[in-house]
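In what follows, a single structure is set out as structure tokens and then discussed.
The values are calculated or read from the model by the stated rules, or taken from the named source; none is laboratory data. Computed from a predicted structure; not experimentally measured. Here the Cβ positions follow ideal geometry from the backbone for every residue, glycine too, while neighbour counts run over all protein chains shown.
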Amino acid sequence: MSASLIDGKTISAKVNQETANMVEELKKQGIHPCLAVILIGEDPASQIYVRSKVARCAELGILSRKHVLPQDARPEDVFALIDSLNKDPEVHGILVQFPPPPQIDEKAVVDAILPEKDVDCFHPQNVGKLLLGETDGFSPCTPQGVMTLLEESNIDPSGKHAVVIGRSNIVGKPLAALLMQKAKGANATVTVVHSGSKNMEDFVRNADIVIAAIGKPEFVRGSMIKPGAVVVDVGINRVQDASSPKGYKVVGDVCFDEVKEVASAITPVPGGVGPMTIAMLMRNTVKAAKLQCVK
């Protein structure tokens with residue numbers, strides 16, 4: 001048996017087209033969704049991420065404003081910029097590319113963004129709404145991307161045992177909350193395992209759905225997967241590869257070649273969850289514009 005591929009590129013293209021259609025409808029009402037992106041410093045990976053987000057905005061008809069601050073930016077300058085964007089009615093979403101330089105308090109940045117413009121869903125108010133199952137906040141982009149992959153692949157978590165590997169605030173915790181919601185496309189029985197879990201493999205081996213978000217290259221092996229399980233790989237890791245012109249290759253948290261022979265469906269890396277993250281950011285930006293402007 002070889003698993004069917006959950007194609008994040010194809011599914012994200014569908015989601016992006018739906019988002020572009022929503023943008024056109026809002027523009028007819030005089031509303032033009034706008035995302036402000038703040039980049040502090042010159043981290044190469046952060047620059048790539050910001051470029052890709054700005055480019056996707058342009059593709060979908062969303063306005064973007066990119067603000068670049070120096071590596072040694074003063075905290076007061078960062079917070080003054082956030083404050084001005086909070087007060088600007090033409091800006092609907094604000095995203096600060098993390099991680100910031102060490103002099104900038106990440107938690108203080110998250111708290112400074114108005115909850116209604118927090119399209120990354122990091123603000124405590126939006127996290128609380130997520131846990132309560134309220135729908136007038138935002139869902140974090142990567143976890144919501146996972147949920148959308150399952151939905152579009154006709155994989156219903158209801159009544160299934162889902163094991164989330166990893167407990168980060170960005171992926172593991174919010175994804176567990178989404179999976180267990182009393183709602184269509186959720187209703188799973190959820191177990192979260194992490195670095196402090198004993199006998200982790202026993203939990204994973206009993207899962208109908210496995211979501212790997214632990215940040216360890218090819219951690220999940222074929223022997224850990226129940227035959228027929230669905231496996232979603234959130235990890236993106238660079239490992240040395242002498243045969244590659246770049247000297248490295250990108251792999252997930254799942255040993256793809258092994259697991260695909262056991263699972264019924266699996267996401268690739270790259271091309272699985274990755275494209276969905278930006279797609280959900282774009283959708284959150286449009287949702288923010290609707291919530292702020294459509295009465």
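Within the set of pairs 6 or more residues apart or between chains, which connect a residue that is more than 29 Å from Val294 (Cα to Cα) and charged (D, E, K, R) inside the stretch 32-43 to a residue that is in a loop (DSSP other than H, G, I, E, B) and at pLDDT 95 or above with Cβ atoms less than 8 Å apart?
Glu42/Gln71
Give Val68, Val15 a once-over and let me know the one that is among the β-branched types (Val, Ile, Thr), closer than 22 Å to Met282 by Cβ, out of contact with any Leu (no Cβ under 8 Å at 6 or more places or on another chain) and not in a loop (DSSP other than H, G, I, E, B).
Val15
Each row is one residue, and each column tells you yes or no for (1) buried (at least 24 other Cβ atoms within 10 Å of the Cβ); (2) hydroxyl-bearing (Ser, Thr, Tyr); (3) at pLDDT below 95.
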position: Leu149; (1), (2), (3): yes, no, no
position: Arg167; (1), (2), (3): no, no, no
position: Val190; (1), (2), (3): no, no, no
position: Glu201; (1), (2), (3): no, no, no
position: Val220; (1), (2), (3): yes, no, no
position: Lys226; (1), (2), (3): no, no, no
position: Val239; (1), (2), (3): no, no, yes
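Can you tell me which of (1) loosely packed, with under 14 Cβ neighbours inside 10 Å; (2) part of a helix (DSSP H, G or I); (3) β-branched (Val, Ile, Thr) is the one Thr277 doesn't meet?
So the condition that Thr277 fails would be (1).
Do we find a residue being of a type in the set (Val, Ile, Thr), outside any loop (DSSP other than H, G, I, E, B) and touching a residue at least 40 places away in the same chain (Cβ under 8 Å) anywhere in the stretch 185-194?
no
Based on what the data block shows, is Gly159 in contact with a strand residue (DSSP E or B) (Cβ under 9 Å, 6 or more places away or on another chain), more than 25 Å from Lys9 (Cα to Cα) and either assigned to a loop (DSSP other than H, G, I, E, B) or assigned by TED's automatic domain parsing to the domain that holds Asp208 (or both)?
Yes.
Looking only at the stretch 253-295, how many residues end up being of a type in the set (Gly, Ala, Ser) and under 16 Å from Ala3 (Cα atoms)?
Here the count works out to 5.
On the given criteria, is Pro100 over 17 Å from Arg283 (Cα atoms) and touching an Asp or Glu at 6+ places or on another chain (Cβ under 9 Å)?
yes
So for the stretch 20-27 (the condition being of a type in the set (S, T, N, Q), assigned to a helix (DSSP H, G or I) and either free of Cβ contacts under 8 Å to residues at least 40 places away in the same chain or loosely packed, with under 15 Cβ neighbours inside 10 Å (or both)), does at least one residue qualify?
yes
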